[in-house]
Structure formats: C-alpha cells, structure tokens
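The values are calculated or read from the model by the stated rules, or taken from the named source; none is laboratory data. Note that the structure is a prediction, hence the values are computed from the model and not measured. No Cβ is skipped: glycine too gets one built from the backbone with ideal geometry, and neighbour counts run over all protein chains shown. The protein model used for the area step is the full one, side chains on, heavy atoms only, and it has no ligands, DNA or RNA in it. Shrake-Rupley method; radii C 1.70, N 1.55, O 1.52, S 1.80 Å.
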Amino acid sequence: MFTIRENDFHRIDLNLLTVLLVLKREGSVSRAAEKLHLGQPAVSNALVRLRAMFDDPLFVRTARGMVPTPRAEALIAALGPLMEQMQNVLFQPASFTPAEATHVFRLGMSDWVECWLMPKVYAYITRAAPGVTLQVTASDPFRDTELVAQGEIDVAISVGENTPATLRREKIVSHNFCTFWHPEQISLPAPLTLENYLTQAHLLVSYRGATWSAIDDQLAAVGKGRSVRYVTPHFSSLPPLLARTPALATVPAGLADDWIAHYGLRCSPVPVETPEIALSLLWHKRSDNDMPLSWLKGVLRRAMNGQQEIGAQSVAGAKR
C-alpha cells in the first residue's frame, strides 16, 4: 500500500514542473517556449507560479542566460528522474511493433559515421518501420556524453571513451585508417611508402581545430613530420577537395568503398602506425528498458557489424 498525503498535491501543477526542467535545459525563456510549443508570456507566467510555489527565484537572468539557483538545481536533480520515470510509465507501450510504430528517434554521430552507416539503416527502417522518423544530430567525441546525458539525443554512435556513471557504452566495432588521394592530382603507387606520404600536403579532420593528430605523434617519435595544409571538422568536404588539389587525407577505412566508387579516389594503408577507431552505442541508463529504443539499438548494432539482414533479431533479444 502506498502512503501519500493527498492535500500536498493540490497546489502542484505537473505542467509547471515540465517548464522547470525545460528552462534548465534551454537556459532561455524564449527557447523553452519554443520547445514547449507555448508563447513566451505563458512560460514567463509559469515561472512566476513556480517561484511562488517554491518560494525561491529559481532562475536568475545573466549574460549567459537564465542560470538556476541552488534551490532550482536541487529540485531538478530530484525531479528529473521522477518525471522521466512517469513519462515512461504513462506513454511507453506495453509492446513494440516496428511496422505500426510512429516513433521519432534522435541519433547523434559524426558525418563520416552517418555516411558509412545510415544509408543501410534508413533503407531497412523505411521497409520495416515506415512510420518511424530518424533525426540525426552532428556530434563528436567531445559532445556525445553531454548530448545523451541532457536528453538531446536518444543514442549516440560514439567514437569516444568517456562514460559517465549515468550512461551506458557498448563497443560494437573498430575501424582502421586509410589514406586517400585523387589520381588526376597525384600519381602515386599503392601501397604508399613513408617517403611518398611525407612529401605531400595533407588534409586533416579535427573537431576542435587542432593541426596535430596521433599520426603526427607517431612521426615526431621518429624525428619526422608531415605538412598539414587544411583543417576541417567535416569529413564530407574532403573528396571534393582531393578532386581539385594535390593532397592526401587519412580517414576511417569505412569510407573507402563509397569514396572510391563515387569520387574516383585511390586508397592505401597508412604507412604509419595508427590507432583503431572504436565505435560504440552510447545511451542513458534510464532507457535500458525502453522497448522502441532497444529495437533501434538492435538495428544499429547489426548494421555496424555488417550483417546483411540487420532486422533479424527480435526486440526481446535486442535489449541490453
């Protein structure tokens, strides 16, 4: 038997608690109003009521946006998991049938992972679950955990290693690197020699604008170096650049088939020792028993492993 004091809930409006959580996440009344599909005056009025309910300012306006007070932080830390649990109890179906589903799944990944993985995944989902919508957010190893932890995405295809206590990480597959160039721009034999590798200009992908990578560490250890002439956070920009300039680009080998077939590039193993790229599924522990997400993780898991029939496993078998 549950013991609750009914009178304590007379002055509580659960919609106000939703406003509290969204205001914390967005840091702005206008952005919170947009997310909640409300007018800005309605959210401002809700904040007034929240302040009266908890006898605290809750949010203070600063140059960085609406900053929560210690009282608001404590309320959000306690109420957030409870609200998420309530949402799952009220709205999660007792069973999940992909062909009848109308879910919207939010995924985070880098552009090279999207190019490598999602054509196969989306082609399968359009057949098996035509009512499902996929929303992909550009992510990288520096943002994955934050986006999942804050509920901005449901699952990340992550190349990072950091795993906070509230999240789960499941390593699925690893990729090597390979080096690309366009034969009309550079005439080089494959496999590349180290000398050929070092005499060319290089294009580098860096999510934070660094002009140095693990490859440069390896070269420096033996007293050598390469000339990085172009740095970008976008893998997708490299093939057009290689088609027009004499340069090399070293990227995950998963891109090889597509880049060779569609851009006429040549490919070689990297003549320098490089670390493997470990790809993982990253999700929040609160979603462990979410049946729709378990199904999607199963689809992603099998696609990442290169299975031809990526939807063969049952929902129950996909839950991890």
Quiz item: Here are Ala249, Ala261, Ala278, Ala256: which of them is under 22 Å from the mean Cα position of the chain (by Cα) and either of a type outside the set (S, T, N, Q) or in a strand (DSSP E or B) (or both)?
Solution: Ala278
Exercise. Evaluate the following for Leu23: is it at pLDDT 90 or above, touching a strand residue (DSSP E or B) at 6+ places or on another chain (Cβ under 8 Å) and over 22 Å from Glu146 (Cα atoms)?
Key: no
Exercise. Return a yes/no flag: does segment 5-20 have any residue that is in a loop (DSSP other than H, G, I, E, B) and modelled with pLDDT of 90 or more.
Key: no
Exercise. Could you please give the count of residues in segment 288-310 that are surrounded by 15 or more Cβ atoms within 10 Å (Cβ to Cβ) and touching a strand residue (DSSP E or B) at 6+ places or on another chain (Cβ under 8 Å)?
Key: 7
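Return the residues of segment 56-76 that are in a helix (DSSP H, G or I) and open to solvent by 30 Å² or more (accessible area, probe 1.4 Å); say none if nothing qualifies.
Passing the criteria: Pro70, Arg71, Glu73, Ala74.
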Quiz item: Being open to solvent by less than 30 Å² (accessible area, probe 1.4 Å) and outside the structural domain of Ser237 (by the TED database), is that true of even one residue in segment 77-86?
Solution: yes
Quiz item: Considering segment 262-287 alone, what residues qualify as being open to solvent by 10 Å² or more (accessible area, probe 1.4 Å) and within 19 Å of His103 (Cβ to Cβ)?
Solution: His284, Arg286, Ser287
Exercise. Have a look at Val67, Val89, Val148 and point out the one that is at pLDDT below 90, β-branched (Val, Ile, Thr) and more than 19 Å from Ala303 (Cα to Cα).
Key: Val89
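Let's see how each residue does on (1) within 16 Å of the chain's Cα centre (by Cα); (2) in a loop (DSSP other than H, G, I, E, B):
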| residue | (1), (2) |
| --- | --- |
| Ile157 | yes, no |
| Asn162 | yes, yes |
| Gln185 | no, yes |
| Ala190 | no, yes |
Quiz prompt | Unmet criterion (only one of (1) out of contact with any Pro (no Cβ under 9 Å at 6 or more places or on another chain); (2) within 17 Å of Glu273 (Cβ to Cβ); (3) of a type in the set (Ser, Thr, Tyr)) for Thr193 | solution = (1)
Exercise. Scan segment 139-153 and report the pairs whose first residue is under 16 Å from Arg208 (Cα atoms) and whose second residue is assigned to a helix (DSSP H, G or I) and modelled with pLDDT of 90 or more, with Cβ atoms within less than 7 Å and a gap of 6+ or a chain change.
Key: Ser139/Leu147
Exercise. Give segment 189-204 a look and list any residue that's out of contact with any strand residue (DSSP E or B) (no Cβ under 6 Å at 6 or more places or on another chain) and crowded, with 19+ Cβ neighbours inside 10 Å, or say none.
Key: Tyr197
Quiz prompt | Members of segment 261-311 found to be in contact with a Ser or Thr (Cβ under 6 Å, 6 or more places away or on another chain), among the hydrophobic types (A, V, I, L, M, F, W, C) and under 30 Å from His202 (Cα atoms), listed by number | solution = Val270, Ala278
Quiz item: Do the conditions hold for Ala42, that is, is it open to solvent by less than 60 Å² (accessible area, probe 1.4 Å), over 26 Å from Leu282 (Cα atoms), touching a strand residue (DSSP E or B) at 6+ places or on another chain (Cβ under 8 Å) and assigned to a helix (DSSP H, G or I)?
Solution: no
Exercise. May I ask you to list pairs of residues, at least six apart or on different chains, whose Cβ atoms are under 8 Å apart, with the first in segment 45-56 being farther than 18 Å from Glu73 by Cβ and the second being at pLDDT below 90 and in a helix (DSSP H, G or I)?
Key: Ala46/Asn15; Ala46/Leu16; Arg49/Leu16
Practice problem: Taking only segment 215-234 into account, find how many residues are of a type outside the set (Ser, Thr, Tyr), open to solvent by less than 20 Å² (accessible area, probe 1.4 Å) and under 29 Å from the mean Cα position of the chain (by Cα). | Solution: 2
Quiz item: Of everything in segment 116-138 that's surrounded by fewer than 16 Cβ atoms within 10 Å (Cβ to Cβ) and free of Cβ contacts under 8 Å to residues at least 24 places away in the same chain, which residue is nearest to Pro233 (Cα to Cα)?
Solution: Pro119
Exercise. Search segment 174-183 for residues being surrounded by 15 or more Cβ atoms within 10 Å (Cβ to Cβ) and outside any loop (DSSP other than H, G, I, E, B), and hand back the single one that is nearest to the chain's Cα centre (by Cα).
Key: His175
